[in-house]
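**Q** First the structure, then my questions, so here it is.
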Amino acid sequence: LAVWGFRLGFSDCPTTVHGLQSIFQEQEMTETVHDTEGHGYLATFIGKNGRLVILRVTAHGLLTIDLQCCEGDNIVQVENLLNTLEEKLRSLLHGNIKRVKRLPALTRGAAVDRYWPTADGRLVEYDIDRVVYDEDSAYQNIKIMHSQQFGNILILNGDVNLAESDLPYTQAIMGRGQENYAGKEVLILGGGDGGILAEAVKLNVYIDQMVIDGCRTHMRKACGSVLDNLKGECYQVLVEDCVPVLKKYVEEGKTFDYVINDLTAVPISTAPEEDSTWEFLQLILDLSIKVLRPTGKYFTQGNSANLTETLALYEEQLGRLSCPVDFSKEVVCVPSYMELWVFYTIWKK
């Protein structure tokens, strides 16, 4: 796929479209041209070898060319065609082009999906070369895919969660090495990849069993051997809903030195009344603070550092808890996220 963006005067549109036709005719491509009644032009060119070109000129002067080729097409010929088109356009428009941008090839319909969005909506192409694990549990789709840079990556419902390279994530959500967990009681919510469990001392948690199964086999660089057994000398993994467990701890008066929330990122939606995820987040926050000891700390991820409005709303929510709290935050680069990520530390006043 090659897409170019040009800015040209609308009076140049018909001349430009017709001026390019000869190039496609030399490629033995049949054409169809549409005048969109004052809104520009759309032309398609189809070649015998499966090539397809979509040429679009909008009324405000944006011209795009989308060249689609089949697997096995001659790359040199494709590059020559693109170069010829660009030279012809510059000639037709007498250099009157404000901006030109050629995008790299986009692979469509491949056996392995390499394209995943960031939290703020940018599309990132990963160097993923194979699917290691792909199963549907009762709760979500679970994929583990191999990246040459990041190792195996856990992807839940299309959301990149953790890669074997992402020790900075685990360190950030546990206090960046500033906390002494020896002899402390730690409650981790989520964390099915086992990364936090591999670092923690005492664990009670709700996890999707199939996430455990996949990570235990395919994410051992992140979790080590801690998921081989759900109960060890200093930890226990509870594969169940965390809300009833938290409520039970509140009723019993059970408290922890640390609560680490690795359930979900702060929702992107900025309308709590329209998004039940915000209500869930508020519930988890309230229950977690109630089981936190007076000197304890609550660690959690926020979201992308670019989502400033979302993060501001989350910080506003912290002022509505059942007891007053203070907080600090840190911005960390998580390798496989390919964006900066915000983490929070919260404690009772």
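**Q** Could you please find all residues in the range 47-57 being on the phi < 0 side of the Ramachandran plot and either small (Gly, Ala, Ser) or buried (at least 16 other Cβ atoms within 10 Å of the Cβ) (or both)?
**A** Initially, the range 47-57 is screened for residues on the phi < 0 side of the Ramachandran plot, giving 47-49, 51-57.
Of everything in the range 47-57, those that are on the phi < 0 side of the Ramachandran plot and either small (Gly, Ala, Ser) or buried (at least 16 other Cβ atoms within 10 Å of the Cβ) (or both) turn out to be GLY47, ARG51, VAL53, LEU55, ARG56, VAL57.
**Q** Would you mind telling me which numbered condition in (1) over 17 Å from GLN25 (Cα atoms); (2) open to solvent by 50 Å² or more (accessible area, probe 1.4 Å) ASP73 fails?
**A** Going through (1) over 17 Å from GLN25 (Cα atoms); (2) open to solvent by 50 Å² or more (accessible area, probe 1.4 Å) one by one, ASP73 breaks only (2).
**Q** Just one of LEU318, LEU313 is in a helix (DSSP H, G or I), among the aliphatic types (A, V, I, L, M) and free of Cβ contacts under 8 Å to residues at least 40 places away in the same chain; which is it? Before you say what the answer is, go through the steps one by one.
**A** Details: LEU313 fails: free of Cβ contacts under 8 Å to residues at least 40 places away in the same chain.
Of LEU318, LEU313, the one residue that is in a helix (DSSP H, G or I), among the aliphatic types (A, V, I, L, M) and free of Cβ contacts under 8 Å to residues at least 40 places away in the same chain is LEU318.
**Q** Which of (1) of a type outside the set (Phe, Trp, Tyr); (2) more than 23 Å from GLY158 (Cβ to Cβ); (3) in contact with a Leu (Cβ under 8 Å, 6 or more places away or on another chain) is the odd one out, the single condition ILE75 does not satisfy?
**A** (3)
**Q** Could I ask something else about it? For the range 126-148, which positions are of a type outside the set (Phe, Trp, Tyr), within 23 Å of PRO104 (Cα to Cα) and within 16 Å of the chain's Cα centre (by Cα)?
**A** Those that are of a type outside the set (Phe, Trp, Tyr), within 23 Å of PRO104 (Cα to Cα) and within 16 Å of the chain's Cα centre (by Cα): ASP127, ILE128, MET145, HIS146, SER147.
**Q** Another question, then. Among GLY302, GLY319, GLY253, which is in contact with a helix residue (DSSP H, G or I) (Cβ under 6 Å, 6 or more places away or on another chain) and either open to solvent by 20 Å² or more (accessible area, probe 1.4 Å) or under 23 Å from GLN140 (Cβ atoms) (or both)?
**A** Values: GLY319 fails: in contact with a helix residue (DSSP H, G or I) (Cβ under 6 Å, 6 or more places away or on another chain); GLY253 fails: in contact with a helix residue (DSSP H, G or I) (Cβ under 6 Å, 6 or more places away or on another chain).
Just a single option satisfies the conditions, and that option is GLY302.
**Q** Looking at (1) out of contact with any helix residue (DSSP H, G or I) (no Cβ under 8 Å at 6 or more places or on another chain); (2) open to solvent by less than 30 Å² (accessible area, probe 1.4 Å); (3) not basic (Lys, Arg), which is the only condition ALA43 fails?
**A** ALA43 satisfies every listed condition except (1).
**Q** Can you tell me which of (1) modelled with pLDDT under 75; (2) surrounded by 13 or more Cβ atoms within 10 Å (Cβ to Cβ) is the one GLU37 doesn't meet?
**A** (2)
**Q** Which residues, taken from the range 322-349, are of a type in the set (A, V, I, L, M), surrounded by 15 or more Cβ atoms within 10 Å (Cβ to Cβ) and part of a strand (DSSP E or B)? Steps first, please.
**A** Applying the first criterion (of a type in the set (A, V, I, L, M)) to the range 322-349 yields 325, 331-332, 334, 338, 340, 342, 346.
Now restrict to residues that are surrounded by 15 or more Cβ atoms within 10 Å (Cβ to Cβ): 325, 332, 334, 338, 342, 346.
Listed by number, the residues that qualify are VAL325, VAL332, VAL334, VAL342, ILE346.
**Q** In addition: Among the numbered criteria (1) surrounded by fewer than 15 Cβ atoms within 10 Å (Cβ to Cβ); (2) closer than 21 Å to TRP347 by Cβ, which single criterion is violated by TYR258?
**A** (1)
**Q** Got a sec? Which strands (runs of 3 or more DSSP E) wholly within the range 116-178 have at least 2 residues that are closer than 21 Å to LEU263 by Cα, in contact (Cβ under 8 Å) with a residue 24 or more places away in the chain and open to solvent by less than 10 Å² (accessible area, probe 1.4 Å)?
**A** Details: elements: 123-125, 128-136, 141-147, 151-156, 159-163.
Correct list: 141-147, 151-156, 159-163.
**Q** Continuing with the same structure: If only one of LEU67, LEU89, LEU85, LEU93 is touching a residue at least 40 places away in the same chain (Cβ under 8 Å), surrounded by 17 or more Cβ atoms within 10 Å (Cβ to Cβ) and within 31 Å of the chain's Cα centre (by Cα), which one is it? Write out each step before concluding.
**A** Numbers: LEU89 fails: within 31 Å of the chain's Cα centre (by Cα); LEU85 fails: within 31 Å of the chain's Cα centre (by Cα); LEU93 fails: within 31 Å of the chain's Cα centre (by Cα).
Checking each option against the conditions leaves just LEU67.
**Q** Something else about it: Restricting the search to the range 263-304, which residues are small (Gly, Ala, Ser), assigned to a helix (DSSP H, G or I) and at pLDDT below 90?
**A** Within the range 263-304, the subset small (Gly, Ala, Ser) is 265, 269, 271, 276, 288, 296, 302, 304.
Next, from what is left, pick out any that are assigned to a helix (DSSP H, G or I): 276, 288.
Passing the criteria: only SER276.
The values are calculated or read from the model by the stated rules, or taken from the named source; none is laboratory data. Bear in mind the structure is a predicted one, so any value in this text is a computation, not a measurement. A quick note on method: Cβ atoms are made from the backbone with ideal geometry, for glycine too, and the neighbour counts reach across all protein chains shown. With ligands, DNA and RNA removed, areas are computed over all heavy atoms of the protein, side chains included. Shrake-Rupley method; radii C 1.70, N 1.55, O 1.52, S 1.80 Å.
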